[in-house]
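Written out below as structure tokens is the structure these notes cover.
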Amino acid sequence: MVDQLTSRLDALHRRMREARIDAYLVPSSDAHLNEYVPEYGRRRMAITGFKGSAGDAIICPDGNHLFVDSRYYLQADEEVDLSKFRVHKLGLSGEHTPSQWLTEMEKERVSIRVGFDPFLLSMQAHSAYLAALHSTESEMVPIDANLVDAVWEDQPLPPSNSIYALHEAVTGIGVAEKLSNVRKEMDEAGAGLLVLTKLDEIAWVTNLRGSDIAFNPVFEAYLVIDLERATCFTRTVPPPALRQALYSLVEFQPYEAYVESMGLASARALETVWLDPSGTTVATRLVLKSDQKVLEKANPVVMLKAIKNEAEIAASREAHRHAAAAKIRSFKVLEDKIASGQAVSELDFSLLLHEEYASEDGFYDLSFTTIAAAGANGAIVHYGDADPDVLLTDGELFLVDSGVQMLGGTTDDTRTVIVGTSSDRQKQMYTKVLRGHINLAMQRFPEGTGGIALDALARTHLWNSGLDYGHGTGHGVGAFLNVHEGPQRIAPRGVDEPMRIGMIVSNEPGYYEAGWGGVRLENLYLVAADDT
């Protein structure tokens with residue numbers, strides 16, 4: 001009997017031949033370029049079997065490819081059928097990025113046609129792929145009907161959960177003021193229309209939240225803002241009281257009306273449309289007239305959202321107090337169980353921690369799937385679901401990366417503990433990671449310093465021993481929003497956004513070794529002025 005994945009791949013290959021394309025891009029993101037996507041949007045998982053939150057696939061009739069970064073090296077090896085996919089481990093010598101791999105493919109074939117769903121590819125990514133194709137005969141071919149959807153026989157339906165409003169006491173700023181601040185930026189940039197497709201940005205501007213995506217209190221929508229009105233295209237009709245409260249500020253339209261509305265706006269308007277290349281899909285650009293004036297730059301909401309106000313900071317601190325209390329209680333229960341000789345599995349602890357979190361006032365949800373990795377599993381940076389059959393064993397490390405969504409605040413922290421008696425090497429590796437964490441946490445730095453300079457501080461003690469870790473050291477965190485947000489990050493390469501007062505960023509150095517385990521220590525920090 002042909003297995004489900006083979007059947008899907010065979011059907012997809014047939015559709016590719018019908019469309020006369022040599023390769024088909026399957027990114028991990030969805031129409032809103034989310035990191036965490038709703039069930040129906042997990043197309044890359046459906047066609048590869050890989051469950052990681054990041055990683056892109058290129059499907060070809062003569063060979064399929066999955067591209068993952070260092071967080072997912074081990075996970076990809078475990079989850080992917082290597083007879084069907086070649087796993088490209090980005091960052092290792094000799095490995096290609098997806099665009100580089102297409103360049104090599106083009107060299108072999110002279111010209112290629114690369115198919116993609118324009119609703120899943122950002123304008124920025126599309127430009128990078130175009131730049132990778134050098135032959136005038138090669139093409140990037142937009143295909144509106146997603147080919148994975150066509151072969152995904154049991155694809156879930158899109159979510160349509162309820163939408164609710166946050167009180168200004170929690171958000172710190174009302175919708176009217178937020179829209180005014182956005183429009184001021186639009187006016188200064190000479191833009192008459194701003195399109196937002198990222199869900200955390202839409203939720204932040206409107207002070208609304210939902211539950212369309214697990215762990216992220218957001219709702220599927222588009223938001224179009226001009227200098228006089230804002231239109232929100234949602235799958236769910238907000239309750240009458242909510243619509244009335246926002247009556248003069250935000251108009252609500254059906255989600256499906258977005259494309260037609262943008263086309264009509266482009267047909268009748270001459271003003272410049274502001275599209276964020278990294279946060280807007282190709283589909284939105286294709287809907288606009290070819291001669292439409294477009295401003296391509298990061299949208300103003302990115303920075304407005306990243307710099308937390310006093311109410312957001314206070315809510316974040318309160319969320320961390322509750323989350324910390326719950327996690328401490330969980331470790332105390334674990335300690336008592338181990339001391340009494342009880343067997344405890346990864347799943348046992350994960351469920352215990354969830355129960356303790358849920359007992360705290362204001363608990364909404366986890367902010368991501370808890371990573372409860374015992375022993376060698378700790379070497380998998382983004383280890384998946386806790387295993388009921390993996391027991392915590394004396395002498396092994398236990399890494400717990402977890403967080404919660406509390407009303408107004410989002411948390412993310414990692415602790416690594418030893419079960420029983422620790423070895424000298426475990427102590428040494430833990431100490432190197434801890435010293436790196438403290439080194440970064442205590443560092444004062446000049447205004448305008450970016451994450452690249454700060455990143456080295458967390459790695460120094462590992463580097464001095466010839467060691468390192470493959471992931472970035474820190475990421476931004478939302479205010480009762482996504483646990484990962486930009487533009488700030490602490491990493492050795494990439495966009496070097498200066499740290500600004502009011503930003504919240506993680507500090508999470510680590511050390512990982514296959515077969516041995518991992519150590520990671522993470523807290524969230526607030527960028528503040530140094531008054532000394």
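A short reminder: the numbers here are calculations on the coordinates, not readings from a lab. Model, not experiment: these values are computed from the prediction. Please note: Cβ atoms are built from the backbone with ideal geometry, for glycine as well, and neighbour counts cover all protein chains shown.
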Kyte-Doolittle mean at least -0.5 and Cα extent at least 20 Å along the axis: which DSSP H helices of the chain qualify? 310-339
Within the range 1-51, which trypsin sites (Lys or Arg not before Pro) sit in a loop by DSSP and count at most 16 neighbouring Cβ atoms inside 10 Å? R20
Just need log10 I(q)/I(0) for the range 271-328 at q = 0.12, 0.15, 0.23 Å⁻¹, Debye formula, equal scatterers on the alpha-carbon atoms, no solvent, rounded to two decimals. -0.52, -0.63, -0.90
Antiparallel %, DSSP beta bridges [both residues in the chain], to 5: 70 percent
If S340, S29 are placed from fewest to most neighbouring beta carbons inside 10 Å, the sequence is S340, S29
In nm², the average projected area of the convex hull spanned by the Cα atoms of the range 1-102 is 7.1 nm²
Partner lysines for K51 [C-alpha distance under 24 Å; skip if fewer than 8 residues away on the same chain]: K84, K89, K198
Just subtract the alpha-carbon distance of T136 and I501 from 0.36 nm times their residue separation and send over the number in nm, one decimal. 126.6 nm
The range 232-359: spread of alpha-carbon positions along the three principal axes, whole Å, largest first, is 73, 34, 30
Can you compute the helix-only [θ] at 222 nm over the chain? Use -39500 (n - 2.57) per DSSP H run of at least 4 residues, normalise by all residues, nearest 500 deg cm²/dmol. -10500 deg cm²/dmol
GluC sites (Glu not before Pro) within the range 121-179, DSSP loop, no more than 13 other Cβ atoms inside 10 Å: E137, E153
Order of D387, D336 from fewest to most other C-beta atoms within 10 Å? D336, D387
Using a Förster distance of 30 Å, the FRET efficiency for L351-D424 (Cβ separation, nearest 0.05): 0.35
Taking the simple approach of a point 7 Å from Cα along Cα-to-Cβ for both A169 and A324, what is their distance in nm? 2.4 nm
Translational diffusion of the chain, µm² s⁻¹ [Kirkwood Rh, Cα pairs; Stokes-Einstein; 10 °C; 1.306 mPa s]: 64 µm²/s
Just need the Rg to Rh number for the range 164-305, please, alpha carbons only, Kirkwood Rh. 0.94
Here the FRET efficiency for D530 versus E335, based on Cβ atoms and R0 = 45 Å and rounded to 0.05, is 0.75
Using 0.36 nm per residue, how much length does the chain from Q244 to T6 gain when fully extended, once their Cα-Cα distance is taken away? 80.6 nm
Could you tell me how far the Cα centroid of the range 389-462 sits from the Cα centroid of the range 130-155, in Å? 40 Å
Can you work out the FRET efficiency for the pair R435 and R86, with r the C-beta to C-beta distance and R0 = 35 Å, to the nearest 0.05? 0.35
Quote the convex hull volume per residue of the range 310-526, based on C-alpha atoms, as a whole number of Å³. 112 Å³
Could you pull out which residues in the range 124-151 have an amide N less than 19 Å from a spot 7 Å beyond the Cα of S111, following the Cα-Cβ vector? 129-143
